[in-house]
Amino acid sequence: MGLFDTLRYKKDLERLEKSAREEPSTENFLSLIKKYISLGDQDNALRVAKQAVDQFADADDVFEIYCKLRRQQAQEEIETLKKNLKQRPTPSAFAQLAEIYKDLREDETAMKYCRQSIETFPNDDRSYCILGELRLRRFYSDFLRKDAQLAITHLEKAYELNIRNYRSLIALSKIYLQIGMVQKARQRLKSILLFAPEDENVKKLLDISANVPKPPHEDVDALLHQVESQRRLHYSLDRENAPVALSILSHEIFQEALESIKGAEGLLSLLICDEDGNLIARYAKENIDAHTYFEVTVAIYQTVQDSSRQMDVGRFQKAELEGPFGNIHIVSSDGVVYMAVGEFSVKSEILRKHLQQLLKAVSINAAKNTTKNR
Amino acid sequence: MRRILQQLNREVGVKGSMVVSPDGLVVMAELGEGIDQEVVAAMASSTIVSTKRALSLCGSEKFDRLILTAAHGKIVFVDIELAYLLVLTDKNINIDFTLLEIDGAAHRIRNTWKIE
């Protein structure tokens, strides 16, 4: 590379670094990461990718590139740790492997190493802490009670085994605070101050805890039940990124969206309801009993929603059912359930396409409505 | 049947599989580590029974296949006449590709029963 090329690359990099710093967006971060990769600078590419993932945790393209870089970097470490586990297992090797897989969001593999560690070294706190954090990550994304209960059990166990387990105590304090167990959160924060009296983060959380609205009873099951049904935390520490409660969308928005695709090929009925099964809008082909289809699809939705929770696969997203009656597709999105019934002859892909069109139409109508209200 | 399930479990993203009767009786199970067989069997049975009951309202109890997608995984139910083949997979798999393998396994199990 000549002098001019070097100067050009340097200038390009400075420009991209500045854009990512001053106007952080997934596009700006991705451009910078790709530039570093093209220059063969894997370390800086990974550094920027980590920053991007921390800021845009839900952006799939950002995570994909981070995951690729992290995996490349950790490959040798993974091999060495696995070899060590075969020859002479230690709690530290188990924990390191679990941490890598947790970072790569391969939760099942991370949990597997934690479980193996607990079986061999039941008195080591690290695996309980990682298991707790994995469950907590699920809880903060799905708001399912079961994940929070398991997270609390694992993190409390880690604390029981090591009263100075800072990570567990901080994670416990934050979850207790965010579900409304304010007293319990303050107890855990004060436990940290016993061995880290100057910790600024803990002091800040104690200040925040004074302003968290206190529920009438600090009953963990009741509070978690409330979080699960409302799909939002009692109090969010990440207030900027807290999911905005679904604005009250009018019946017209959904009905209008239905109108735009009614009569589509092979479609018998389209139904929209909330997560409790209350009908919002419906369409049915002539001579089709929409009421019966509604009863059928809602019953199936409630069944599969319950199954996915009980079988520990997280919050229900969609179901596709095929049989002699035809096809039924159900999609849950932002607290609204969309259900389509198709004729026996209609292919699954077609029904899937109809539902995607419906979701798109609802989102366009909702955006229009928001602009109008402003 | 165990061999068929073991072979299916070797497919990319398949975490475990089992054959379960509609009343929750486990005919054969090859589930991965960390999956609670009793809970999965009980919930599978409840899903099958409740779905059939709901479908009976529109005049047909039978369903051939149910694919359930959740935040952390997929569950596929396939009717194999006397029972259902249940397959648990990762959330990120290409389900269309895996369905070919699942249908193949279901077909082989049905044939095994016919021979027996």
*Would you kindly work out the equivalent ellipsoid of chain B from its C-alpha gyration tensor and give its semi-axes, the square roots of five times the eigenvalues, largest first in whole Å?*
20, 17, 14
*Would you list A:Ser229, A:Ser31 from fewest to most Cβ contacts within 10 Å?*
A:Ser229, A:Ser31
*For the stretch A:3-71, with equal point scatterers placed on the C-alpha atoms only and solvent neglected, what are the log10 I(q)/I(0) values from the Debye formula at q = 0.20, 0.29 1/Å, to two decimals?*
-0.73, -1.33
*Stokes-Einstein D (µm²/s) once Rh is taken as the Kirkwood radius of the stretch A:313-368 over alpha-carbon pairs, at 37 °C in 0.692 mPa s*: 272
_Within the stretch A:246-372: Cβ-based charge dipole about Cα centre, in debye rounded to nearest 20 (Lys, Arg +1; Asp, Glu -1)_ = 420
_Let me check the size of the stretch A:169-211 from its C-alpha atoms; what are the radius of gyration and Dmax in Å?_
9.1, 26
_Charges on Cβ only, +1 for Lys and Arg, -1 for Asp and Glu, centred on the Cα centroid of chain A; of A:Thr153, A:Leu224, A:Ser168, which one is farthest towards the dipole's positive end?_
A:Ser168
*State whether the stretch B:1-60 is rounded, prolate or oblate according to the following rule on the C-alpha gyration tensor (a ≥ b ≥ c being the square roots of its eigenvalues): a/c under 1.5 gives rounded; otherwise a/b larger than b/c gives prolate, and the remaining case gives oblate.*
prolate
*A:Lys360/B:Glu101 FRET efficiency (R0 35 Å; Cβ-Cβ; nearest 0.05)*: 0.65
*asked:* Given Cα positions, please report Rg to Rh for the stretch A:110-164, the hydrodynamic radius being the Kirkwood one.
replied: 0.99
*Residues A:Phe94, A:Phe121 arranged by fewest to most Cβ contacts within 10 Å*: A:Phe121, A:Phe94
_the stretch A:1-59 and the stretch A:74-89: distance between their alpha carbon centers, rounded to Å_ = 32
*Determine the distance separating the Cα centre of the stretch A:118-138 from the Cα centre of the stretch A:299-354; give it in Å without decimals.*
34
*Contour excess over end-to-end distance, with Cα ends at A:Gln230 and A:Asn278 and 0.36 nm allotted per residue*: 15.8 nm
*asked:* Could you sort the peptides A:160-167, B:62-69, A:206-213 by per-residue average Cβ neighbour count (10 Å cutoff), highest mean leading?
replied: B:62-69, A:160-167, A:206-213
*asked:* To the nearest 20 Debye, how big is the dipole of the protein assembly as shown about its Cα centre, given +1 on the beta carbon of each Lys and Arg and -1 on that of each Asp and Glu?
replied: 900
*Inter-site label distance for A:Lys86 and A:Asp306 at 7 Å from Cα along Cβ, in nm*: 4.7
*Given that compact globular proteins tend to follow 2.2 N^0.38 Å, what is the ratio of the alpha-carbon Rg of the stretch A:75-199 to that value?*
1.09
*Helix A:26-38 sits at what angle to the longest principal axis of chain A, using alpha carbons and giving 0 to 90 degrees rounded to 10?*
50
_Could you tell me how far the Cα centroid of the stretch B:16-82 sits from the Cα centroid of the stretch A:187-210, in Å?_
48
*Where the Cα pairs of chain A fall when distances are cut into 20 Å bins, in %*: 22, 47, 29, 2
*Compute the convex hull volume of the Cα atoms of the stretch A:1-138, divide it by the residue count, and report the result per residue in Å³ as a whole number.*
113
*What does the charge dipole of chain B about its Cα centre add up to, to the nearest 20 debye, if the Cβ of each Lys and Arg holds +1 and the Cβ of each Asp and Glu holds -1?*
140
*asked:* What would the Debye equation give as log₁₀ I(q)/I(0) for the stretch A:246-372 at q = 0.16 Å⁻¹, counting only Cα atoms as equal point scatterers?
replied: -0.75
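Since every read-out is calculated from the coordinates, none of them should be taken as a lab result. Computed from a predicted structure; not experimentally measured. All Cβ positions, even for glycine, are placed from backbone atoms using ideal geometry, and neighbour counts span all protein chains on display.
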